[in-house]
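Worksheet: the structure to be examined is printed underneath.
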Amino acid sequence: MKVKSKIELKFKTSKDAEIIYNTLEVDNENFLDSKIENNTITYEINNESLTTTLATIDDLIACEILSEKITSIEK
C-alpha cells in the first residue's frame, strides 16, 4: 500500500515560516519533501506504511510546536 500525505503550515509572516523551515529541515532530510513559499511550508510524505506515515506526521508536528515555542521565547 502507498500512503501519501500533504501538510501545509501557514505562519503570520514569511520570516516566521523561514525560521521554522530552517529549524526543521535538518531533521527532515531524506524522510519527506518540503518547500517554503511566502508564509507557507508544505510537506509531502510518501511511505509504504500507514504506521510510519502517522509517526512521521506526529514527529513533524511535535517538532514544529517546539520550534515555534523556542522562537517565540527569543522574540
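The values are calculated or read from the model by the stated rules, or taken from the named source; none is laboratory data. Just so it is clear, the structure is predicted and the values come from calculations on it, not from any experiment. Heads up, the Cβs are rebuilt from the backbone with ideal geometry, glycines too, and the neighbour counts pull from every protein chain shown.
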Condition check: under 10 Å from the mean Cα position of the chain (by Cα) and either modelled with pLDDT of 90 or more or hydroxyl-bearing (S, T, Y) (or both). Does E37 satisfy that? no
Reported set for the range 1-25 where residues are surrounded by 15 or more Cβ atoms within 10 Å (Cβ to Cβ), in contact with a strand residue (DSSP E or B) (Cβ under 7 Å, 6 or more places away or on another chain) and part of a helix (DSSP H, G or I) is A17, E18, I20, Y21
